[in-house]
Amino acid sequence: MNGVRPRVLVTRRLPSSVEDRMATLFETDVNAEDIQLSGDELLHGLENKDVLVSTITDRLDADLIGRLPRTVRLIAQFGNGIDNIDIEAAWAAGLTVTNTPSVLTEDTADMALALIMALPRRLIENNRRLMIERHWPGWSPTSMLGTRLRGKALGIVGMGRIGTAVAQRARAFGLSIHYFSRSRRPPPIEEPLNARYWDSLDAMLEAVDIVSLHTPLTRETHRMLNAQRLARMRHGSFLVNVSRPELIDETALVGELESGRLGGAALDVFEHKAGIDPRLLALADADRVVLTGHMASATLEARIEMGETVIVNIRTFMDGHQPPHRVLPEGQMVGGRMVTP
């Protein structure tokens, strides 16, 4: 970095150890209030900055990217998902974009399995009842009966790093593994899991008891679980989403749950632009839905590793090299090979 410290804006508070390390390496401004910045606030904070350390809450659309100060050369996303950034617009503007893949895999897979277990075994419902009633009437042969996991079919949508990690965990609990993905996984992945590949999402939805979403948000996956596909799911089946809320038609999902056709849903992500849908909250009150607030990767270890990955990306870029976790527009040719995000 030739002795010149990069000037960096960090839009949200990070673990103190990460902030301290950034402060030693960079001239760092951190959004101490830790609330989402407006577009104008972002632009003001980026005056004379080289790097924007963004998060999923920062909406970096084409208009805002077009107004970034000319000094900004790198958007170093603190997170794996990059659907908050218009990658094509950033590419056209000559900006480099990076993210923090891989470090979230194990923690997100742990949370997905926890939610997969919580639904059929009614864990949250039982806890809520005890806390509300402050009384346990005692054991009964028919009290709080759930359904067994072993022997059920799990359908994974998106068999990437996280989807594969979920499959490995689920297999140990006796679930059969089915998956739909953009491409079939090679035998060394499929065979230990005895995983069945489906080239039709519609067909897989009709064949499984639990559906778990692990695909990124793209133009093709936006509302991929629409009303028609939700209607294809088995009566009494469960849906788990630790990926992106936009993968599901939430209104249609609420209707399927209210009708009693679906057995339940566990959502770590949900539409909340104007507050959580009251109908979704009512379903949670009725113990038909489990809601967790985007905490699938919320471990201290993961957040620190994410911060260290951001630092590596910044230092590598500022040293004049290709950062290890660069994100490019889908289909972009670099060095004679096709690159996908």
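Failed condition for Asn126, given (1) farther than 26 Å from Arg223 by Cα; (2) in contact (Cβ under 8 Å) with a residue 24 or more places away in the chain, with all others met?
(2)
Kindly state which strands (runs of 3 or more DSSP E) lie completely within segment 240-336 and contain at least 2 residues that are open to solvent by less than 40 Å² (accessible area, probe 1.4 Å) and touching a residue at least 24 places away in the same chain (Cβ under 8 Å).
264-267, 289-291
When segment 76-115 is examined, which residues are found to be free of Cβ contacts under 8 Å to residues at least 24 places away in the same chain and within 25 Å of Asp63 (Cβ to Cβ)?
If the condition is that a residue be free of Cβ contacts under 8 Å to residues at least 24 places away in the same chain and within 25 Å of Asp63 (Cβ to Cβ), then Ala92, Gly94 are the ones that fit.
Which members of segment 4-19 meet the condition of being in contact with a helix residue (DSSP H, G or I) (Cβ under 9 Å, 6 or more places away or on another chain) and closer than 25 Å to Thr299 by Cα?
Result: Val8, Leu9, Val10, Thr11, Arg13, Leu14, Pro15, Ser17, Val18, Glu19.
On the basis of being modelled with pLDDT under 95 and at positive phi, does Gly3 make the cut?
Here the answer is yes, as Gly3 does meet what is asked.
Could you please let me know if Ile132 is modelled with pLDDT under 95, exposed (fewer than 15 other Cβ atoms within 10 Å of the Cβ), in a helix (DSSP H, G or I) and of a type in the set (Val, Ile, Thr)?
In short, yes.
Check Arg161 against each of (1) touching a residue at least 60 places away in the same chain (Cβ under 8 Å); (2) touching a strand residue (DSSP E or B) at 6+ places or on another chain (Cβ under 9 Å) and name the one condition it does not meet.
Going through the list (1) touching a residue at least 60 places away in the same chain (Cβ under 8 Å); (2) touching a strand residue (DSSP E or B) at 6+ places or on another chain (Cβ under 9 Å), Arg161 breaks only (2).
Collect the residues in segment 85-104 that are modelled with pLDDT of 95 or more and open to solvent by less than 30 Å² (accessible area, probe 1.4 Å), keeping them in residue-number order.
Within segment 85-104, Ile85, Ile87, Ala89, Ala90, Leu95, Thr96, Val97, Thr98, Asn99, Thr100 meet the criteria.
Consider only pairs whose beta carbons are under 9 Å apart and that are at least six residues apart or on different chains; among these, list those whose first residue lies in segment 182-203 and is under 16 Å from Gly158 (Cβ atoms) and whose second residue is surrounded by fewer than 17 Cβ atoms within 10 Å (Cβ to Cβ) and of a type in the set (Phe, Trp, Tyr).
Arg184/Tyr197; Arg185/Tyr197; Glu190/Tyr197
Taking segment 20-58 on its own, how many of its residues are among the acidic types (Asp, Glu) and open to solvent by less than 30 Å² (accessible area, probe 1.4 Å)?
Total satisfying the criteria: 2.
The values are calculated or read from the model by the stated rules, or taken from the named source; none is laboratory data. Source: prediction; values computed, not measured. For neighbour counting, all protein chains shown are included, and Cβ atoms are generated from backbone atoms with ideal geometry for every residue, glycine included. We work out accessible area using only protein heavy atoms, side chains counted, and drop any ligands, DNA or RNA first. Shrake-Rupley method; radii C 1.70, N 1.55, O 1.52, S 1.80 Å.
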